[in-house]
Structure formats: structure tokens, C-alpha cells
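Undergrad: Okay, handing you the structure first.
A short reminder: the numbers here are calculations on the coordinates, not readings from a lab. From a predicted model like this one, the values you see are computed outputs, not experimental measurements. Counting neighbours? That spans all protein chains shown, and the Cβs are built from the backbone with ideal geometry, glycine included.
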Amino acid sequence: MFSFPREEPRTFTAADIIAILKAYGRKSSSPHPQPKAPAAKLSSAEFIESILGSHTERRRAILRHWPRDPNGGVIKPENSLPGKTAPNGIQLWGATLFDFYRVHRIPSVEGLSTISTGSKLMMWMKANGELNHAKDEIEWAEMEDEPAVIQPWSPREAIEEMEENIRLGKAGKPWPEDALDKGKQVSTGSIFERSNYPAPGPLAPFSYTAERLTDLIPPERLPRKVIVHDPWNLLAVRARNRYGYAERNVKDADWTTKPDRTYTYKFKSSDKPRPPLTAEKLKNRIAPQLSQEKDNIHQEDPPPNGYLIRPPSVEGPIPPPIYVVHDPPPPHLLSKSNAAKQDPIEEAHLYLSPAHPIGSGNHSVVYEAEWELPRSAIIPPPSTDPVLCRTCVQADIDRTLKELDGEHGERMAAEWKEKTAKVTIVQVGRPQPIWDVIEESDLKKGKTNAIREFCLDDDKSCYRTELEGRVRPIRTNVPWQDPMNPTCEHVKPPPEVPPTVRVRVVAKLSNYGDDHLKNEADNYQMFARHMFETWSGLNVLPPMHDPVPLGALVPRFYGYYVRQPEDDDDEGLVEDEGGDEEDEGGDEEDEGGDEEDEGGDEEDEGGDEEDEGGEEEDDKEEKLEGDEKEAKPEEGDGEKKPSKAPRVTKRERIGYLSPILLLEKCGTEVNPNELTLDQRNEVTSFMYRFHFEGWAHCSVYLRNILVQPGPLNVSPPQRSMKLPSFRIIDFGRSYHCDDGSEASKEWTNDQRHEENSVERLFDTRGW
């Protein structure tokens, strides 16, 4: 659809601005300025700033009042009608601040004011015949947008730019073939094989800045198998395994000099069922998707294969525009670009480095990791559908027209000169409003001269070009092309790219014998989908009185993975040439372990139990078939001759290796002193929304609330802490309460405690 600005915005008067001035307006005896022409266009934020000024710190407030018929009916809970809602099911949803209203449920009782939304009130007014007193408000509500998912910014362009720098040698460091081949496990025929990578080949982990993964990957698509690269034994966490303790203090970790060490992990799905209420919400609510309108061509006969060359952007009669007629596309295989997104990811690789810690606690250690996924999981593969070069087509059409009509159209037939077609420009969506601010005393006297006028620039409307009448078909003989092997200079084949893409995620590891990580992974898999998503519009939810945005509540979940020892090459023979020397090394290692245990006492109370658990794991190492066997002395003069070959002493397990929870990286710990009142309200609403879903968090602390620059639907350089994005984390103790369960009393107590806690943390009591 052709979309372009054309008309002046229609005048939209709003008596509710009077209520704003009455509530927040500056009390002054000085005369008001004379009416003037509309000021420059303002954004919504600038408009609200101009109205509220310095009278209140709030900017997300209920600004409008819904006028009622003095003799109208009473709006009761039993006769209230639903309006537009997002998938979270909170009934008060509005696309903008201007879609929330204060309304008198009982028109004759002005002191009773209730918060509602335009879509709810519009439904009630239409059902009860109260249409004459709020015509502007009803018209405004009819054009309100539907709730829609706000997709995060795609890192595709940044990834492709980095790949170009890698090809030019400006970024990345090649991974030595000997180190790579020794440690990197790949399946036969896997895309991760070294031969599949263009020059300079696979790169060393963390040798360039990978993009942060923010896409939501459905659970059914998450990798079934993850090869974990852990040269520094970080998976041991605080325990000790065959390789000793984790080397957590290596700040200059170099993957090009350290021999790789890999383990096979498998995706572990939760055994717990999804909460019934949440499952029902997900079943009944489908995210509306915003779609672009297409050109409407009205004519008596359906057009053949072809496309319309855009007519002039002028309304009224025009000569028939050109309609290009071309051959149908040749038969071809289905493009992989659409199917690849739905295919499950069979294999991925994860790289852990001690140089990228995020934090540690009593139960876990968290690192920023690099996650290598098939390229199609992040960037759709180029389409293999045949293409028609429109540049070549335009040149062919120009040549045909010159042959038919002459150099300057002197031979053009009369039928193509007559204005037998008509172009109509149709406005779609909500237009820009012009707000007239009028003195209340003047309005009562019947005077409507505005003392101020505002025109919002956040226009949600677009313009659609519709064509009626004849078109002039022109045949082109330009052939279709294979996009992978084009035949003209205008169509460029896709560049050679690596079969995989590396992105940054959070890898959370668990101490030995601790169940918090498993519980947290189960909870992530029980969360409703919309809890991971950012939605358009705002909500008002009790006990709050101000609208708040619908940001994602929790980090995106990228899987819970547990080790599969039977698939590991490292789960094998341990060679030993000198048992005495090995024993000495073991003693030295034990001494080092004692020192770490002492450090654990200082770090947290749970350190002793966790470290003891690690030692217990060592004591419980199982000996498989082929346990230590003494070499038999050779028969002869009775002397025992040592064997020249290395002695295979035993076949042992590696020991403790932590399960892994992969999550989206969502920022750093929030500081309430750096937030505005609106932002503190927004963070507080996260706990209310979490409770609305039936969940109790059980760990409400500042360290479990993260903040990062936003909004996340724009590129990182465009983000700012003026529009921050928040998340709540750490769900190892969280639980869901079904209605009517025996735990409902405990859940209610936890709910009250958590709401009091978050209100104290962000000083948001008494809205």
C-alpha cells in the first residue's frame, strides 16, 4: 500500500483538557494570552509536559474525563462490558495515555470517579444508547489500535556487518586447528564441521563482540543437544572433579593457547504441567499482527500475472497506469526461508570463559557465555524463490512504449490518453489530533476560543492509494532468475557466510547438591508466553491508579541442559605412569581445596555444605570395568621388570559438572534512586503483574530486579536510560498457586509480603 502524508490533521476538540487544567493548572490572577495559531507539533510526552508542567512528577497519569448523560444509567460490574485486552487478561488496557478515562459510574454523583478505558466505555455506551454526550470520545475509541507484540530489535544487520569485518580481517581471531579438532565435538554431517566455514574459518570464542540474543525461541525449537566448551573447568562451580577446581580467577583467558575440553548436554524439559489458567489464556488469545496494506486494484477482470507501476500520488481522474504483465514464476522447490524458522535446532555449542563473570550467590554462579547456533535460528536463509529484476523490466517497458507510442508519445492511442482511471487516497488508522484548550468559564458562556492549541506528531494513521478503472497492460519478456545464480548485474547473489552465528547469553550454573536451578528451570517452562514478551499499550491494575507499560516480565528462556556422560569422549580412560607422583599431586590438590573451602566460609553460609558436597562427590567416584590392574611381572630370573608402555590404572568418571540454565541478559541491578516516579511505579507493577498470573516470587530484593537502556525495539546506540527496560529474575523459590488449592492461604500471605516489600524498596506506597 502506498503510504504517505497528504492531508492536514482534522481538528479534534477535547473538553477533557479542561479537567486537566482544573486538576493541575497553575492558579494565577494574570490575564491569559490571546488565542493564537496552533503551536508546532508536539510529541505525546511534550504535550503532557506542557499540560502538567512542574505541578506533579507524574507523566503517566489519567488525563481524560468521559462525559456522561446526566440522565444516563448506572455502570455496574454486572452490566460492564469487556474492552480490548492484552494476553495478560488485565481488563484496563489502552493503546495510549489518551485512551484512559475518569468516568462517573452514576452520572448524578460527581464525587464518585472510576478509572476505565475508551474501548470498555464505548461498548457500554453503544449497548445502552448513550451516544450523544461523548461523540468525540467514541470516535477516538473506534480508531484505537489493537494490542500487539513489540518485537525486539533484530541483530541481523549488526551480525552481517561484523561478518564483513571478519572477512576483511578487521575482527576476530582464528581458532588454531589443533586446539579446535582436539576439543570440538560435532555430529557426522554437522554444519559445525570446520570444512563448512569460509575463510578465515571458525573463530576463537570471545575474539570479537557478539550480539546479545533477545529473540524469543519457542521451547519446541530450542536445541536438543548442546556441546559445552569448558577449558577452565567452570562447570565444577565450587566442587572438585577430575580436573580439580574451577579456574574462576583467570581474567585474561586465551582460547588460542588453552586446550579445549567439551561435554555433551541435552535439553531437559520440565515434568510439571503448565498452570491451567495460563494455558487457557494462551489457547484463547492470539497476538494480532500489524500488516501493511496492499494496493487495491479494482477492475472488471482479475489481472494476469503482473504488477502495477505506481500511479501519481494525486487524487482524481488519471490516464490508465501501466500494468506489467509477465510470465508466471517457474516451478521451484519451496523456499527454505519460511520453513527453517520452524525446524527444531538439533545442535548448538556453548563457550564458557572465566573472563566474563556476571555474579555469584549462595546457590549459583553466573557467566556471560557465547552461544553458537545454526544461522537460520537467528537470520532467515536467503530465499531461493525465482526473482524478476524490476530494473530490467522497467528498461524493457520503456523500450516497448517507445516502439508503440513514439519517442514523445506522438503515436499513443487515444484510449490511453483519456482519464478513465481514478486514484483515491484513503486515510487508515487514528489521525493526528489537534487539542483545543478552552477556559472553563468561557465554555460555560458558550465561548469556544482556544487559549492554546496542540497538535500531536505521533500520527498513527497512514494513507492508502486505491485505483479504480482501466489499466494499460504491457507485456515484458524479461525472464525470471535464480537468486543464487543471477544472470543480470542488478541482482546480487548472497555472500558466502558461516553456517553458524554466535550470540551472547547468560549461563547460570548450580552448586553441587542444590535444587534451586532445576526449580527455576521448571518455573521458566511454566511461565505464560506473554510474560516473555513486550506488548503495546498500557495497563492500569489494582491497587495502582496510573497506567504502566507492558514490558516483558522475565528474561527469555533459552533452555535447561543436563550432561549426558555416555556421549562424552572425556568419559574414558585415565592414563598414569607413576602412581606415587599422582598421589602427591592429589595431596597438593587437596591442600588447595582446603584453602578454597576457607574462602567459601567467608563468601556465604552455604559454602561449607556445597564444598563438602563436592568432596563427597569425589569420594563417590565410581570405578567401571577395567579398574586398576597391576601389570604382571615377566617370567624369567625372578626379577620384576617394569612395563615400557604407560599403565592404564583406572577408568573413572569426571565428577560433578553443573547443569546449565541459559537466559537472556537483561542488564544490571536496579538503583531506585536513579528512577523517576513513573519508572518506580512501573517496576512496582511488575510484582503485581507477577501475582496476577498466580505466581509468588519469594525473593524480592533489589539484586533480583534488573534494568537496562531501552526501548529494546531500537538498535543499542538509540537506547537510553530515560526509557529503561526492567526484568525480575531468580525464580528458584517461586511457585504457582491454583485457585482453591490448600496453599492459597500461604500464597496470599506471600503476596502481601512481597507487595509491601516492593513498595518499600521503590517508595511507591499511597498512589
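Undergrad: What distance in nm separates the two pseudo spin-label positions at GLU57 and MET721, each 7 Å out from Cα along the beta-carbon direction?
TA: For the pair GLU57/MET721, the computed spacing is 1.6 nm.
Undergrad: Scan region 366-410 for GluC sites (Glu not before Pro) in coil per DSSP, keeping those whose Cβ has at most 11 other Cβ atoms within 10 Å, and list them by number.
TA: For GluC sites (Glu not before Pro) across region 366-410 that sit outside H, G, I, E and B with at most 11 neighbouring Cβ atoms in 10 Å, the list reads GLU407, GLU410.
Undergrad: Residue separation times 0.36 nm, minus the C-alpha to C-alpha distance between TYR701 and ALA45: what's the value?
TA: Full extension from TYR701 to ALA45 adds 233.0 nm.
Undergrad: Would you mind getting me the FRET efficiency between GLU146 and VAL74? Use the beta-carbon distance for r and R0 = 41 Å, nearest 0.05.
TA: Plugging the Cβ-Cβ distance into 1/(1 + (r/R0)^6) gives 0.90.
Undergrad: Once the Cβ-Cβ distance between LEU404 and ALA199 is put in as r, and R0 is 45 Å, what FRET efficiency do you end up with, to the nearest 0.05?
TA: 0.30
Undergrad: Next question, about the same structure. In a shell of Cβ-Cβ distance under 15 Å around ILE106, excluding ILE106 itself, what net charge do Lys and Arg (+1) and Asp and Glu (-1) give?
TA: Around ILE106, the surrounding residues sum to 0.
Undergrad: Here is a further query. With the cut-off at 19 Å, tell me which of the pairs LYS173/LYS266; LYS268/LYS508; LYS225/LYS665; LYS76/LYS126; LYS258/LYS665 have Cα atoms farther apart than that.
TA: LYS173/LYS266; LYS225/LYS665; LYS258/LYS665
Undergrad: Determine Rg/Rh for region 667-762; Rg is computed over alpha-carbon atoms and Rh is the Kirkwood hydrodynamic estimate from the same atoms.
TA: 1.03
Undergrad: How charged is the neighbourhood of THR676? Take every other residue with its Cβ under 13 Å from the Cβ of THR676, and add Lys/Arg as +1 and Asp/Glu as -1.
TA: Once positives and negatives cancel, what remains is -2.
Undergrad: Would you mind calculating the gained length between GLU496 and VAL325 on full extension (0.36 nm times residue separation, minus the Cα-Cα distance), in nm to one decimal?
TA: That works out to 58.2 nm of additional length.
Undergrad: Also, I was wondering about something else. Under a point spin-label approximation (7 Å from Cα along Cα-to-Cβ), what is the LYS126-VAL428 distance to one decimal in nm?
TA: Between LYS126 and VAL428, the simple spin-label model gives 2.0 nm.
Undergrad: Measuring from a point 7 Å past the Cα of SER190 along Cα-to-C-beta, which residues in region 372-406 have an amide N at less than 20 Å?
TA: Only 372-379 fall inside the zone, counting backbone N under 20 Å.
Undergrad: Kindly write out, for region 659-673 in residue order, the coupling ³J(HN,Hα) from the Karplus curve 6.51 cos²θ - 1.76 cosθ + 1.60 (θ = phi - 60°), rounded to whole Hz, with x marking Gly and Pro.
TA: In residue order, the calculated couplings are x, 10, 10, 9, 9, 6, 7, 10, x, 10, 4, 6, 10, x, 5 Hz.
Undergrad: As an exercise, use a Förster radius of 45 Å and the Cβ-Cβ distance of THR257 and ARG390 to find the FRET efficiency, rounded to the nearest 0.05.
TA: Between THR257 and ARG390 the formula returns 0.30.
Undergrad: While we're looking at this one, here's another question. Need one number: nm distance between label points at LYS170 and ASP215, each 7 Å from Cα along Cα→Cβ, rounded to one decimal.
TA: With each label point 7 Å from Cα toward Cβ, the separation is 2.4 nm.
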